[in-house]
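Chemist: One structure coming up, written as structure tokens, with questions to follow.
The values are calculated or read from the model by the stated rules, or taken from the named source; none is laboratory data. Everything numeric in this text was worked out from a predicted model, so none of it was measured. Using ideal geometry, Cβ is built from the backbone for each residue, glycine included, and neighbour counts are taken over all protein chains shown.
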Amino acid sequence: MTDPYEILGIGRDASEEQIKTAYRKRAKTAHPDSGGDVDTFGRLQKAYELLLDPVRRKLFDDTGYDVELTDAVDLQALVAIEKLITDMVLDEREPGTFDPVAHMRASLMDEIRKANFSKSELERHSDRIRLHLDRLGKRPGKDVVGHMLRARIKAIATAISETEAKIDATERACDMLEGYLYVMDTPMLEEEEPTSDVEWDDAPEARSAAQ
């Protein structure tokens with residue numbers, strides 16, 4: 001995640017006027033017309049717009065994320081967590097009777113396991129196709145079979161890349177959940193059988209009096 005405060009070189013308590021002053025100062029050298037880099041100037045503008053928007057600025061201060069400045073992996077991770085938040089909100093169980101954060105972590109870890117398995121299967125499938133392709137000795141001028149096999153390998157490579165991206169995003173989502181501690185209700189213990197305040201074996205006088 002790109003930090004807009006670092007881009008502008010200001011503190012997190014900077015006022016609106018300080019934000020504008022810092023932007024003007026950096027824009028003089030960052031602007032492409034002044035020999036600056038287009039991407040750098042673009043990030044400078046986005047950081048400036050974020051910090052001048054009180055709603056976006058508060059959201060960034062609270063979460064450390066902003067849609068405009070978040071990289072693709074972080075954005076996918078946020079989408080994954082958003083889906084889990086929906087599940088948490090729709091769960092009818094009483095708050096405190098289950099740990100929704102632990103459930104979210106478990107769901108993400110399960111997704112990572114499934115994705116890793118899928119990646120392994122795709123790689124194995126691709127290796128098999130390559131072996132078939134290698135064994136195609138003499139081929140006609142128009143190699144239809146070879147073309148189709150190579151196309152399959154290419155498609156599988158794309159699927160593997162997408163699966164790896166999903167794994168990275170899910171792992172990032174797990175990182176985002178680190179540090180949370182959900183407070184559970186203390187389970188009620190069954191009431192014990194009432195006992196007499198008098199220990200008869202240790203108090204013969206009391207036993208005699210009772211008789």
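Chemist: Taking interchain pairs and intrachain pairs at least six residues apart, which have beta carbon atoms under 9 angstrom, with the first residue in the range 45-68 and at positive phi and the second part of a loop (DSSP other than H, G, I, E, B)?
Modeler: That search, which allows pairs on different chains as well, returns G64/M1; G64/D3.
Chemist: Can you tell me which residue is nearest to R43 (Cα to Cα) among those in the range 63-82 that are assigned to a loop (DSSP other than H, G, I, E, B) and hydroxyl-bearing (S, T, Y)? Before you say what the answer is, go through the steps one by one.
Modeler: So in the range 63-82, the residues assigned to a loop (DSSP other than H, G, I, E, B) come out as 64-71.
Subset that is hydroxyl-bearing (S, T, Y): 65, 70.
Values: Y65: 15, T70: 11 Å.
Only one residue fits best here, namely T70.
Chemist: Ok, one more. With D39, D33 as the choices, which residue is assigned to a helix (DSSP H, G or I) and either under 27 Å from the mean Cα position of the chain (by Cα) or among the hydrophobic types (A, V, I, L, M, F, W, C) (or both)?
Modeler: Working: D33 fails: either under 27 Å from the mean Cα position of the chain (by Cα) or among the hydrophobic types (A, V, I, L, M, F, W, C) (or both).
Result of the check over D39, D33: D39.
Every residue, every condition in (1) exposed (fewer than 14 other Cβ atoms within 10 Å of the Cβ); (2) touching a residue at least 40 places away in the same chain (Cβ under 8 Å); (3) out of contact with any Asp or Glu (no Cβ under 9 Å at 6 or more places or on another chain); (4) over 30 Å from Q45 (Cα atoms), yes or no:
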| site | (1), (2), (3), (4) |
| --- | --- |
| T86 | yes, no, yes, yes |
| L90 | yes, no, yes, yes |
| L108 | no, yes, no, yes |
| E111 | no, yes, yes, yes |
| S120 | yes, no, yes, yes |
| S126 | no, no, yes, yes |
| D134 | yes, no, yes, yes |
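Chemist: Only residues in the range 144-156 that are in the same structural domain as R124 (by TED's automatic domain parsing) and closer than 17 Å to D127 by Cβ count as the first member; pair them with residues that are of a type in the set (A, V, I, L, M, F, W, C) and assigned to a helix (DSSP H, G or I), Cβ under 6 angstrom, at least 6 apart or cross-chain, and list the lot.
Modeler: Pairs found: L149/I129; L149/L133; R152/I129; I153/I129; I156/L122.
Chemist: Of the residues A30, A72, A47, A80, which single one is surrounded by 17 or more Cβ atoms within 10 Å (Cβ to Cβ) and at pLDDT below 90?
Modeler: Working: A72 fails: surrounded by 17 or more Cβ atoms within 10 Å (Cβ to Cβ); A47 fails: at pLDDT below 90; A80 fails: at pLDDT below 90.
From the options A30, A72, A47, A80, the qualifying one is A30.
Chemist: Take D168 and tell me if it is part of a helix (DSSP H, G or I) and under 30 Å from D39 (Cα atoms). Working first, answer last.
Modeler: Numbers: part of a helix (DSSP H, G or I): yes; under 30 Å from D39 (Cα atoms): yes.
Yes; evaluated as a whole, the condition is true for this residue.
Chemist: Restricting attention to the range 98-142, which residues are part of a loop (DSSP other than H, G, I, E, B) and within 20 Å of the chain's Cα centre (by Cα)?
Modeler: Taking the range 98-142 and keeping what is part of a loop (DSSP other than H, G, I, E, B), we get 98-99, 135-142.
D99 - this is the single residue of the range 98-142 that is part of a loop (DSSP other than H, G, I, E, B) and within 20 Å of the chain's Cα centre (by Cα).
Rundown of residues vs (1) over 20 Å from the mean Cα position of the chain (by Cα); (2) closer than 30 Å to R24 by Cα, yes/no style:
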| site | (1), (2) |
| --- | --- |
| V67 | no, yes |
| T70 | no, yes |
| Q76 | no, no |
| E92 | yes, no |
| G96 | yes, no |
